[in-house]
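Here's the structure we're looking at; comments come further down.
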Amino acid sequence: MSWDPATLDRVMCDQSSEMLLVVDPKSLQIIAANRQAEVTLGYEATPLVGRAITEVESSLADIFYWEDVRVGGGSDIDNAESMYICGDGVALPVIKSIRRLRGDVEDVLVLRVRDGASLKRGEAQLAALSGQLQATLESIWEGVLVLDSAGHIVNMNRRFSAMWEIPEAVLLQDSEAIIAFLMEQLSTPWQLQDDFTAFSQQVGLDSQAGCEITKLKNGRLFERRVRPQMDRGEVIGLVYSFHDISDFVHARQEAEEASRSKSRFLANMSHEIRTPMNAILGLLKLLQRTELSTRQRDYASKTEGAARSLLGLLNDILDFSKVEAGKLTLDPQPHALTQIFRDLSVILAANVGAKPVDLLFDLDPQLPPLLHVDGLRLLQVLINLAGNALKFTSSGEVVVGVQLMQRLEDAVRLEFTVTDTGIGIAPEHHAKIFSGFSQAEASTTRKFGGTGLGLAISLRLLELMGGQITLESALGQGSRFSFQLDLPVVQGEADGAQAPAPASQGLVLLIDDNARARELLSRMLMAEGWQVVATASVAEAQAWMAAAPDGLALNLVLADAQLQGEDVWACLAQLRARPGWAELPLVMSGTPLQLEALTPAEQALLKAFLVKPLMAVALREALCPATAPPSDGQHDGEGATANAGAAPLAGIRLLVVEDNLNNQQVARELLEDAGASVRLASNGQEAVDIMRADAGAVDLLLMDVQMPVMDGYTATRILREELGLRLPIVAMTANAMASDREECLAAGMDEHVGKPFDLDRLVRLIQKLGRPTGRSSDGSIESATEGVAETAKFAFPTLLVPGPLLEQALADGIEIQLAMDRFMGKLPRYQKSVASFSRSAAELPAQIEAALQARDWPAAQLQVHASKGMAAILGAERLAQMLAEGEARLEQGEAPDTTWLAALPAQLQGTVAALTALADALKAVASGGEK
Ligand code: ADP
């Protein structure tokens, strides 16, 4: 069928969703109606066309309207509500519009009618949708603000108005008033216009401005985010969301502050506890040098042991908190594993006591001589693991081993193991014991002591080194802790003691009742070039001897000192009676206690007594003393002993940078006595000048921090950054807080020692840093741990202060023995220092007062600081403490409180008088002793 225009018009009319009616204005008859009208109004059977419109529109208003039309009036109508009578007589609400169309001859009226009910439904839906949207907006946890493109507020949720605390009265006002209110609340600026500009410039990108912080005057903090509302590429509005982070920020600040004060507290406490601990240890040492009954000696030595373990505990807690805070870093240096194991053996040997526990090392003979590792920390881990093993094992053996697992490029993978035959650990406790402050069982604490920190520290130290601890253990089955480390191999000379083993050493007869010990010792001896006959008892050894052919060469007997009740000596006599074996050497190995139990006659029969755990290198040295290093305490049962050396700092050139003349003098004389050559500088600037002129003239700098003209931090930065100098710089300050130390390290210094310094530790530190390869003068690699340092002290001279004087000094707050140690017993020097301190102390109150009147806090602080340092050096702890309190106030920019100022002169006078009297009394004692 072809579509003629008239048909098409008709189709269009019929397809319309609106009802269309055409009315003749004269007759008021409906002259046309579309299909929608017929269907909706129900006039399909009886057509609409031909009816009077007033039949359909029959309200009074309609009838008046149509009357108007009929007489030539009736204006157009837009969207008026009306009621239509349908074919079935039912009334239908509608919305109608009426237009008069003017014709050439006659006009017509066109009615466009919509079903009012469905329209109402649509409106209701719209209202529901918008309500839903608003409810969604209200349920968002964040405050939301919507602006249109002109910057007017289009919407906001209640959370927003609550966050900004917008009063009701303002909310009722217009957008401008509300925005003005918002801007009024800000304490940091927020330019709304910038957001519009930013977005209109990056239209098309799915842009989102970053997160900004909005700060209000009332202290609240909001995270502000904004996104544009886009329509066809245009920004038509901005949607802001505000998230209140005040509580979070506040909580974080509180947590940070808490953590800072925890560290401060820990550092302070450790300092506070260490000071009296050192005094206790010192006094105990002195006590042990006096005449004591056996029981008193026992008490004193036990007290010392307890004090040492307390100090160890203190160090553990510090270590743990340092590791927790991520403050602990490794210091890898070239180290000989044999040296680390020697240190380990010395420390562990002291722990075995009288228990029937064999302490054994199982060292792979293939180990490279020198490795790059933080020896101190590795030693700490091994001490921890092996110490635990000894603690939890009452009989059997503890084996510490290292095996070469793999050779890597320039490195080796080593497996360290610590195995014991002790109480074991139930599998359910395996994870727990590594977590810090926890032990396998509550009862462990009481029975064995300990803090539960050792493993947690070890685990974290190993993590830093790139290793992981593995534990295999079950209750009653013993334990095996192991970890693997990849360690770079250092090319170069081996440990001096490690001469290559001769190809063949001869035949050794080993007598040891412990099967594991026999196995490990045999393996070690064979690696050393020995042929081994291993026997489990003296009887077995004798049986072997009886069967041995005549003329057989036997070169050594190695017997365990633990062969209880068996007559090793008779066996030795029998052996030596055989032809050719008269000179047969006997080497015995055991604990220090076992060595002490030998009679002098028995000792005379020995070639050597080696303290367990036995190391190949120690055996070699015992058999061929020429290979031994000059001084080695392996064999004397006392651990690594003093290497006093009259001048441990011989050949080291120091520059001491210190402003206080008294301190200069003390440092110079003490360090010169230790063999160093000492130059002085009075402040940072002088030090920089000296170094600039001739950097090669100094091996190490000792740098005070607080000094006039130029402080130690600045001087260090100049030396490091401007002059590019790498020589070691050690800070010497009276401030022993961890944060002070960190500040020193951050400035580029290598170490930090507290004042008054402990001469012995300072000397060790200078030795460690001041010699190019970290070798100490005896050629061994220095591992300056506190623990090792304790066992290997330099024997500096001192003056023993008699008990009554000590007590009297303590009552005056003076640590006279520590001071005497520090002055190496040189009384005239001490007296000289006391005299010069007494002069400066007399002037101090007036100096402070003058500085305070001039409100010059730094000047006052400097005065107090200098006196504090000197008082501490002289042992006047109580005065030093008081001065430290005043200094702390001045440092904060506050004047010391009036009671402090009032008490100071008397405290100064009293202390000076006490120091002078002490020095005099000591002089009398010393000259009495000389007579
Ligand atoms: P401490 O020994 O000071 O308590 P550690 O962290 O070193 O702390 O050890 C935690 C716990 O792990 C110990 O208390 C003990 O219960 C258990 N443990 C560690 N090593 C062993 C071991 N070799 N044998 C048995 N138990 C062990």
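The values are calculated or read from the model by the stated rules, or taken from the named source; none is laboratory data. Quick caveat: nothing in here was measured; it's all calculated off a predicted structure. Cβ coordinates were reconstructed from backbone atoms using ideal geometry, including for glycine residues, and neighbour counts include every protein chain displayed. With ligands, DNA and RNA removed, areas are computed over all heavy atoms of the protein, side chains included. Shrake-Rupley method; radii C 1.70, N 1.55, O 1.52, S 1.80 Å.
Take the residues of the range 374-399 that are open to solvent by less than 30 Å² (accessible area, probe 1.4 Å), in contact with a helix residue (DSSP H, G or I) (Cβ under 9 Å, 6 or more places away or on another chain) and not in a helix (DSSP H, G or I): which is farthest from the ligand (Cβ to nearest atom)?
Per the stated criteria, the residue is Asp374.
With respect to the numbered conditions (1) modelled with pLDDT of 85 or more; (2) surrounded by fewer than 17 Cβ atoms within 10 Å (Cβ to Cβ); (3) aliphatic (A, V, I, L, M), which one is the sole condition not fulfilled by Met230?
(1)
With respect to Ile95, determine if the residue is modelled with pLDDT of 90 or more, closer than 23 Å to Arg10 by Cβ and more than 60 Å from the chain's Cα centre (by Cα). It would help to see each step written out before you state the result.
Numbers: modelled with pLDDT of 90 or more: yes; closer than 23 Å to Arg10 by Cβ: no; more than 60 Å from the chain's Cα centre (by Cα): yes.
For Ile95, the condition - modelled with pLDDT of 90 or more, closer than 23 Å to Arg10 by Cβ and more than 60 Å from the chain's Cα centre (by Cα) - is not met.
Give just the number: which of (1) basic (Lys, Arg); (2) over 30 Å from Trp66 (Cβ atoms); (3) open to solvent by less than 60 Å² (accessible area, probe 1.4 Å) does Lys96 not satisfy?
(2)
With (1) surrounded by fewer than 13 Cβ atoms within 10 Å (Cβ to Cβ); (2) modelled with pLDDT of 90 or more; (3) closer than 30 Å to Asp331 by Cβ; (4) within 11 Å of the ligand (Cβ to nearest atom) as the list, and Ala474 as the residue in question, which single condition is left unmet?
(3)
For the range 665-740, which fully contained strands (runs of 3 or more DSSP E) count at least 1 residues that are touching a Gly at 6+ places or on another chain (Cβ under 8 Å), open to solvent by less than 10 Å² (accessible area, probe 1.4 Å) and free of Cβ contacts under 8 Å to residues at least 60 places away in the same chain? Walk me through how you get there before you give the answer.
On the way: elements: 677-681, 700-704, 729-733.
The strands (runs of 3 or more DSSP E) meeting that bar are 700-704, 729-733.
Kindly list the number of the only condition in (1) open to solvent by 20 Å² or more (accessible area, probe 1.4 Å); (2) more than 16 Å from the ligand (Cβ to nearest atom); (3) under 21 Å from Leu520 (Cα atoms); (4) in a helix (DSSP H, G or I) that fails for Asp362.
Exception for Asp362: condition (4).
In the range 547-572, which residues are open to solvent by less than 60 Å² (accessible area, probe 1.4 Å) and in a helix (DSSP H, G or I)?
Val568, Trp569, Ala570, Cys571, Leu572
Does the range 405-417 hold any residues that are open to solvent by 40 Å² or more (accessible area, probe 1.4 Å) and of a type in the set (D, E, K, R), and which are they? Give the derivation first.
Here is the first cut: in the range 405-417, the ones open to solvent by 40 Å² or more (accessible area, probe 1.4 Å) are 405-410, 413.
Listed by number, the residues that qualify are Arg407, Glu409, Asp410, Arg413.
Of the residues that sit in the range 866-908 and are acidic (Asp, Glu) and part of a loop (DSSP other than H, G, I, E, B), which one is surrounded by the fewest Cβ atoms within 10 Å (Cβ to Cβ)?
At the first step, the residues of the range 866-908 found to be acidic (Asp, Glu) are 877, 885, 887, 891, 894, 897.
Retained after the next criterion (residues that are part of a loop (DSSP other than H, G, I, E, B)): 894, 897.
On the way: Glu894: 10, Asp897: 12.
Filtering first and then ranking leaves Glu894.
Just checking, does the range 751-763 include any residue being surrounded by 18 or more Cβ atoms within 10 Å (Cβ to Cβ), modelled with pLDDT of 75 or more, in contact with an Asp or Glu (Cβ under 7 Å, 6 or more places away or on another chain) and of a type in the set (A, V, I, L, M, F, W, C)?
Checked the range 751-763: no residue is surrounded by 18 or more Cβ atoms within 10 Å (Cβ to Cβ), modelled with pLDDT of 75 or more, in contact with an Asp or Glu (Cβ under 7 Å, 6 or more places away or on another chain) and of a type in the set (A, V, I, L, M, F, W, C).
Would you mind finding the one in Asn34, Asn79 that is in contact with a strand residue (DSSP E or B) (Cβ under 7 Å, 6 or more places away or on another chain), under 23 Å from Arg102 (Cα atoms) and open to solvent by 80 Å² or more (accessible area, probe 1.4 Å)?
Values: Asn34 fails: open to solvent by 80 Å² or more (accessible area, probe 1.4 Å).
Among Asn34, Asn79, only Asn79 is in contact with a strand residue (DSSP E or B) (Cβ under 7 Å, 6 or more places away or on another chain), under 23 Å from Arg102 (Cα atoms) and open to solvent by 80 Å² or more (accessible area, probe 1.4 Å).
Restricting attention to the range 418-437, does a residue exist that is in contact (Cβ under 8 Å) with a residue 60 or more places away in the chain, more than 8 Å from the ligand (Cβ to nearest atom), open to solvent by 10 Å² or more (accessible area, probe 1.4 Å) and acidic (Asp, Glu)?
No, there is no match, as no residue in the range 418-437 is in contact (Cβ under 8 Å) with a residue 60 or more places away in the chain, more than 8 Å from the ligand (Cβ to nearest atom), open to solvent by 10 Å² or more (accessible area, probe 1.4 Å) and acidic (Asp, Glu).
Restricting to the range 64-75, count the residues that are more than 12 Å from Leu109 (Cα to Cα) and either open to solvent by 70 Å² or more (accessible area, probe 1.4 Å) or touching a Leu at 6+ places or on another chain (Cβ under 8 Å) (or both).
Filtering the range 64-75 down to residues more than 12 Å from Leu109 (Cα to Cα) leaves 64-65, 67-68, 71.
Then drop every residue that is not either open to solvent by 70 Å² or more (accessible area, probe 1.4 Å) or touching a Leu at 6+ places or on another chain (Cβ under 8 Å) (or both), which leaves 64, 67-68, 71.
Going through the range 64-75 one residue at a time, the tally reaches 4.
Looking at Trp544, is it closer than 15 Å to Leu586 by Cβ and in a helix (DSSP H, G or I)?
Numbers: closer than 15 Å to Leu586 by Cβ: no; in a helix (DSSP H, G or I): yes.
So Trp544 fails the test.
When you look at Gln863, is it in a helix (DSSP H, G or I), within 27 Å of Ile273 (Cβ to Cβ), within 40 Å of the chain's Cα centre (by Cα) and at pLDDT 85 or above, yes or no? Spell out how you get there, then give the answer.
Values: in a helix (DSSP H, G or I): yes; within 27 Å of Ile273 (Cβ to Cβ): no; within 40 Å of the chain's Cα centre (by Cα): yes; at pLDDT 85 or above: yes.
No: the conditions fail for Gln863.
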